[in-house]
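Single-structure report; data block below.
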Amino acid sequence: MAIPSVELAAQRALTNAFVAADAEPLTLFRSERISDGAGGQVTQPPVPVTVQLLRFQPRQDGGSPRMTADGEQVVPTYTLVGRHTADIERWDEFVLNGSRYQVVFVYENRQYEVKAEVAYLGAGV
């Protein structure tokens with residue numbers, strides 16, 4: 001459902017201010033998955049996405065269980081929020097303060113923000 005243009009502009013401005021208030025410059029890493037020709041997939045080496053200013057914060061609720069790219073069930077404990085133009089995809093990974101994280105879900109509505117659920121994977125590399 002489309003948001004009226006005046007409201008959309010206001011929502012985008014609010015999102016921009018929200019992200020800027022506690023932004024982290026993050027480089028997400030994306031691995032393309034291609035068919036192996038036998039019904040499975042082969043994961044290609046990760047490629048960095050351009051550095052983006054994103055807000056990383058603990059989730060306030062328990063959240064729904066999600067699957068990691070490796071098929072492990074996790075309950076996301078963090079949220080990543082970016083402007084509506086942010087380039088965030090499911091299974092992107094990043095390292096922050098020595099810890100490794102993976103995007104396990106991205107909300108479909110990207111009209112005024114890109115919001116993703118993130119799982120902690122362990123110590124960074």
- Query: Taking the range 1-46 as the search range and keeping residues that are touching a Leu at 6+ places or on another chain (Cβ under 8 Å) and part of a helix (DSSP H, G or I), which one is nearest to Leu80 (Cα to Cα)?
  - Reply: Val19
- Message: For the range 59-71, check the following and say yes or no: at least one residue is more than 20 Å from Tyr107 (Cβ to Cβ) and of a type in the set (D, E, K, R).
- Response: yes
- Considering residues that are touching a residue at least 40 places away in the same chain (Cβ under 8 Å) and among the charged types (D, E, K, R), the number found within the range 70-103 is 5
- Restricting attention to the range 8-50, report how many residues are modelled with pLDDT of 95 or more and of a type in the set (Asp, Glu). 2
- Task: Those residues that are loosely packed, with under 10 Cβ neighbours inside 10 Å and either in contact with a Gly (Cβ under 9 Å, 6 or more places away or on another chain) or of a type in the set (Asp, Glu) (or both), I need them from the range 55-69; list them, please.
- Result: Asp61
- Does the range 55-68 include one or more residues that are β-branched (Val, Ile, Thr), touching a residue at least 40 places away in the same chain (Cβ under 8 Å) and out of contact with any Ser or Thr (no Cβ under 8 Å at 6 or more places or on another chain)? yes
- Message: Going residue by residue through the range 11-19, is there one that turns out to be free of Cβ contacts under 8 Å to residues at least 40 places away in the same chain and among the β-branched types (Val, Ile, Thr)?
- Response: no
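Mind checking whether some residue in the range 47-54 is touching a residue at least 40 places away in the same chain (Cβ under 8 Å) and either surrounded by 14 or more Cβ atoms within 10 Å (Cβ to Cβ) or not polar (S, T, N, Q) (or both)?
Among the residues of the range 47-54, at least one is touching a residue at least 40 places away in the same chain (Cβ under 8 Å) and either surrounded by 14 or more Cβ atoms within 10 Å (Cβ to Cβ) or not polar (S, T, N, Q) (or both), which makes the answer yes.
The values are calculated or read from the model by the stated rules, or taken from the named source; none is laboratory data. Keep in mind it's a predicted model, so treat the numbers as computed, not measured. Note that we place each Cβ from the backbone using ideal geometry, even for glycine, and neighbour counts take in every protein chain shown.
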